[in-house]
Each structure stands twice: as C-alpha cells, then as structure tokens.
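Notes for the one structure printed next.
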C-alpha cells in the first residue's frame with residue numbers, strides 16, 4: 001500500500017463516529033440523530049463483541065441488522081466514540097477495550113448504573129463525560 005493510501009485511510013477512519021452498544025434500537029436512533037447533527041461522519045455502530053478481548057476472537061459477519069459489523073477495526077485513533085455500558089457484566093473491561101483499541105480523541109460513556117467508581121475510571125481513560133440512560 002502506498003503511503004498516500006495509508007494516510008487517506010487514516011484520515012477517513014479518524015473522522016468516523018462509533019457507537020458501541022448492545023441496544024440496537026438506541027443505536028439506530030442515535031445514529032440517525034447524529035447524522036443530522038454536526039458530528040463526524042459516517043456514524044458506525046457495533047456491539048461490544050466487535051472489540052476483541054484476550055479471551056475471544058472477533059467474528060466479522062455482515063448482517064442485514066447491522067451492516068457495519070463486518071467492518072475491520074480502524075488502524076489508528078478515531079475521533080468520537082459513544083459507548084453504552086448498560087447491561088455489561090464488566091463495564092470497566094469494555095471501557096478499557098474501547099480505550100486500547102479505538103483510542104478515541106473524544107468519547108462519551110452511557111450507563112444505566114453510573115457510580116463514582118465507573119465515572120472515575122472513564123475519566124482516567126480520557127472520556128469526556130458520563131451520562132445516565134434509562
């Protein structure tokens with residue numbers, strides 16, 4: 001791959017917004033709303049399993065429900081990530097994976113169970129904020 005091609009790929013993925021959540025309905029609604037706002041485009045959404053951890057390998061399948069699921073991990077940091085920790089057994093581990101694998105410049109953490117420890121962990125990793133969701 002030529003250097004210009006690599007630079008172009010890094011620029012295009014760095015301006016992508018990623019939604020990481022299990023709640024498909026919320027992802028679809030947020031993606032539509034974000035696309036109508038001044039948010040880096042395109043908006044991609046994935047379930048947390050899209051980010052591999054040490055114990056499980058990621059399986060990339062293109063599905064009708066989520067056409068973004070087959071997308072490879074971006075090669076560099078991304079501009080914006082919104083991650084929903086609701087219904088996660090270990091929200092700290094999910095935040096660690098987002099931080100390590102996507103290296104977002106800006107990110108927002110959503111959770112149905114915000115507590116001081118989770119907020120502190122997110123802040124230490126560089127999250128710009130935490131928002132309670134129903």
Checklist entry - Quick one: would you say residue 51 is over 17 Å from residue 129 (Cβ atoms), at pLDDT 80 or above, within 12 Å of the chain's Cα centre (by Cα) and buried (at least 16 other Cβ atoms within 10 Å of the Cβ)? => result yes
Checklist outcome for this item: Result of the Cβ filter at 7 Å on region 29-41, keeping first residues that are touching a residue at least 40 places away in the same chain (Cβ under 8 Å) and partners that are surrounded by 11 or more Cβ atoms within 10 Å (Cβ to Cβ) and assigned to a loop (DSSP other than H, G, I, E, B), at least 6 apart or interchain, is 40/15; 40/16; 40/79
Checklist entry - Can you pull out the residues in region 104-134 that are over 21 Å from residue 17 (Cβ atoms) and surrounded by 16 or more Cβ atoms within 10 Å (Cβ to Cβ)? => result 114, 118, 121
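For every residue, the table says whether it meets (1) in contact with a strand residue (DSSP E or B) (Cβ under 8 Å, 6 or more places away or on another chain); (2) within 20 Å of residue 15 (Cα to Cα); (3) at pLDDT 90 or above.
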position: 37; (1), (2), (3): no, yes, no
position: 47; (1), (2), (3): yes, yes, no
position: 56; (1), (2), (3): no, no, no
position: 68; (1), (2), (3): yes, yes, no
position: 71; (1), (2), (3): yes, yes, no
position: 75; (1), (2), (3): no, yes, no
Checklist entry - Which of the residues spanning region 94-132 are touching a residue at least 24 places away in the same chain (Cβ under 8 Å), more than 19 Å from residue 15 (Cα to Cα) and assigned to a loop (DSSP other than H, G, I, E, B)? => result 112, 113
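The values are calculated or read from the model by the stated rules, or taken from the named source; none is laboratory data. Just so you know, these numbers come straight off a predicted model, no measurement behind them. Cβ sites come from the backbone with ideal geometry, for glycine too, and all protein chains shown count toward neighbours.
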